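What follows is a set of notes on a single structure, which appears directly below.
What follows draws every value from the coordinates through simple rules; no lab data is involved. Since the structure is predicted, the reported quantities are computational estimates derived from the model, not experimental observations. Because the Cβ atoms are built from the backbone with ideal geometry, glycine has one as well, and the counts that use them run over all protein chains shown.
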Amino acid sequence: MAENIGNSYIIDEFLLKKLPETPGVYQFKNKLGKVIYIGKAKNLKARVSQYILGTDSRQMVATLMKNAGSVEIIMTNSESEALILENLLIKNRQPMFNINLKDDKTYPYLAVTDEEWPRLITTRRLTKKLKSFRGPFTQVNLLNSLRQLIQTLYPLKYCSNRHPKGCINSQIGLCPAPCRKDADKEAYGENVKNTIEALQGKKWNEIEALIKERIDASVKVLDFEKAAKLRDLLTLLPDIRRKYSVEFSGSGAEDHFCFKREGDTLFAAAARYSEGKLMTLKSYSASGIFEEMSSWTATFLTSFYSGKETPDKIFLYPETLTKDEISAILQRKIRKTGETGGEILKMLQTNIGQNMRVFFNDSEKTNKALSVISKFLKTPVSSILCLDISTLYGEYNVAGAVWWENGKFDKKKYRKYKIKTVIGVDDFGSLREVAARLLKRWQENSLEKPTLLLIDGGEGQVSSVNSVIQGFVPVAGIIKDRHNVKGMELLIDGKGNELVLQNTAFAVVLKTIRNETHRFSITFNRELRKGKLELPFSKIKGIGRARENALLEKFRTISAIKEAGIQELTEIPGITMELAEEILKSFEES
């Protein structure tokens, strides 16, 4: 019988007999119990069976089920209730297979840091180290003006450094100098409180009165320069206030959305209007595996309004959610909803069309590449972690790991490793060490597992990694062609099968990933040895930092440079025949 832990079931041949035919939410978990996908259904048994029996042919579903170990269900009274619960659970748990919202730009926020002496900063990353924030700001001029205004009226510390005697900003009156021992913590705390309230839009009348009061005070002491600066801020205040309310859903603001779904991708365009005037318009794409448009729309809106205040009016096309559902999902009462139409809809559809053309132009190449790679390796490939070892004279041994997915590099998932157990030049040993460290974190579920581990190396390197990984993830290597045919390289699988890389889409993808990993690992190596190691050819006239880096990036190790021929060295831009001879001569003298 299927094991039932509350409403959680192990995925086996008995599972479908246990599921109810009622509306509700289902949550797939991996083998370590972490939720990796959340969905809602009108009929839980019918919907989950599509995943279990493999009748859902969407590309991401196969990868999902390969990772799934159990499913948890929550029954609801209606499909609408399931939709709202699904979205709230996604918001709280952020499963890896649910929606991933992307736009063409990350907008900045104004934020107050959470530290002993909080600061007002501009940031593009929201972290737990922030006490309060407001944004994102699509108008950078507004952000800068507002920051200047708040900092002038409620001054906070400018920098993150400590200056016990006070810095230049404190000397000219711009910073309250909390670094000094005699700093007034209570007064500083009041400024922090006022700053946060200003970000929340609660102090407009007080701000205007305070500026006028300080202008008068400056004039009385004949500080006309300061009075002029304050007067400039007072002049800007109506414009700042108007834009601030528009940017953050003040009176009269309304948002219009248009959605179009293609397979596992949702395309969207969003327009902000105020008093009938278009203020901003942006296009988005989002990946996910929702079945119904209402789920796509609900989760998109949650992602879209994360960190932002919502307006009173929201219009959708297609209109897949009711006013009550939108209000419940966003946890804020929406006054008016309806269907986006007319000229606004035409404009949004035009922007979506352009976004789709760009997306599929890139995606088509990526999908063709992944199709070839998956067919050759006989396993679905969607995300690639590429690993490269970098060393110099057998010292400063490091590894760089680069993450590639959906046609793009994800630098948040890049990893650096210092090799701890290997001495000297030993790529195989270094790879085994890093593979063991990766495997441990994958098994602990503390690091996301790729669908392919790609090694910058040949059969020996792949075998070394496979001896540790032992099939936990597929492993392949990318190597230069043994026959030295220019422009030809090879992809090799764990059984030694080879696929020639020519000037095709999949070859370009793999080479790009390999080259980025190579760059990343060499950069890490260079950071470690900076100022600690002098290269044999570094004193040759004509070999500067750029050519030194180019040599190391091409040959990877000093030994490889030493063993290279003059012809190979002259392939580096700027390396003449004479310089190549000098480089080889430097090894003889060292």
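Using 0.36 nm times the number of residues separating GLU568 and GLU364, minus their current alpha carbon distance, what extension gain do you get?
69.9 nm
Using a Förster distance of 41 Å, how high is the FRET efficiency between LYS31 and THR122, based on the Cβ-Cβ distance and rounded to 0.05?
It comes to 0.45.
So how many Å³ per residue does the convex hull of the Cα atoms of the range 4-98 work out to?
91 Å³
Would you list, by chain and number, the lysines whose Cα falls below 24 Å from the Cα of LYS31, excluding same-chain residues fewer than 8 positions away?
Result set, ordered by chain and number: LYS17, LYS18, LYS40, LYS45, LYS66, LYS91, LYS378, LYS413, LYS440, LYS449.
Ranked from highest to lowest mean number of other Cβ atoms within 10 Å per residue, what is the order of the peptides 450-461, 18-29, 321-332, 212-223?
450-461, 18-29, 321-332, 212-223
Among SER463, SER8, which comes first, then next, by fewest other beta-carbon atoms within 10 Å? Write down the numbers at each step before the final one.
Details: SER463 17, SER8 14.
Fewest-to-most Cβ neighbours within 10 Å comes out as SER8, SER463.
Output the pairs from LYS411/LYS539; LYS185/LYS412; LYS411/LYS511 with a Cα-Cα distance over 25 Å in this structure; if there are none, say none.
LYS411/LYS539; LYS185/LYS412
Label-point separation (nm) for THR235 and GLU319, each offset 7 Å from Cα along Cα-to-Cβ?
Placing both labels 7 Å beyond Cα along the Cβ direction yields 4.7 nm.
Identify all lysines with a Cα-Cα distance to LYS282 below 21 Å; exclude those on the same chain that are fewer than 8 residues away in sequence.
Cross-link targets: LYS102, LYS105, LYS243, LYS260, LYS308, LYS313, LYS346, LYS408.
Take ALA209 and ASN43, extend 7 Å from each Cα along the Cα→Cβ direction, and tell me the distance between the two endpoints in nm.
Rounded to a tenth, the inter-label distance reads 6.5 nm.
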